Amino acid sequence: MMKSKQGPPASAGRGLIRSLNRRGAAAKKTAPIARRRKLKDPSICDRCGAVYTAKSWRMGRRLAPELMAKAAYIHCPACEQVANLEYYGRVLVRGPLPAQMLDRIRARIENVGRRAESNQPERRIVSTEWDGSTLEVLTTSQKLAHRIARELEKEFGGRATYQWKDEDGMLLTVWKAPNPPDTPRRYLRSW
């Protein structure tokens, strides 16, 4: 007699049904640069001061003196990416960008980058370059590039498009600024 695979009881809620279908966390969700080497717990970054404990990097984490004594001093994955100009997110800012608006856009990008770095040190801005018509921002993670484009969209209007590339794990984001009369959206400042 063959046993049939039975599912959850008919009275089970969605949460129980979904939890029974999950297979666990995928190892591929770890950033590619973090998968390159095994890290000692605890580790402290020589450059930025981020602390690695319990499989996560955090800024400003305090360690007990006995843990500080046995901590390894290394370069964190984000510092290595910045040093090697290695990026997984690319934001292109295009459109009519008067000088005053460009300054406000750069300030907003820096604020988003600082906030991300304080919460998750592995998410950083690698570089920001202006070539006269396009502002290019390179980030260490796809999520930070997505967040930057979304914040620009919320602050100034315009439209963001996203293109994920599976072969190299990169996100290309293009944010097109609106025409000057439509901006700024949140603040009624003239520029």
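Observations, loosely collected:
- Computed log₁₀ I(q)/I(0) - Debye formula, equal Cα scatterers, no solvent, segment 33-85, q 0.23, 0.25, 0.28, 0.30 Å⁻¹: -0.85, -0.99, -1.20, -1.34
- In Hz, Karplus ³J(HN,Hα) per residue of segment 153-164 (6.51, -1.76, 1.60; θ = phi - 60°; x = Gly, Pro): 4, 5, 6, 10, x, x, 9, 10, 10, 10, 9, 8
- Backbone amide hydrogens, once placed in the peptide plane, bring Cys76 within less than 5 Å of Asp46, Arg47, Cys48, excluding anything fewer than 5 places away on its chain.
- Theoretical FRET efficiency, 1/(1+(r/R0)^6), r = Cβ-Cβ of Glu136 and Glu66, R0 41 Å, to 0.05: 0.35
- Rounded to the nearest whole Hz, the Karplus-based 3J(HN,Hα) values (6.51 cos²θ - 1.76 cosθ + 1.60, θ = phi - 60°) of segment 128-139 follow the sequence 9, 10, 10, 9, x, 10, 9, 9, 10, 10, 9, 10, with x at glycine and proline.
- Mean separation of Cα contacts under 8 Å (6+ apart) over length of segment 33-85, as relative contact order %: 40
All of the numbers you see were taken from the coordinates with simple rules; none came from a lab. Note that the coordinates shown come from a computational prediction; the quantities given were computed from them, not determined experimentally. Virtual Cβ from ideal backbone geometry, glycine too; neighbours counted across all protein chains shown.
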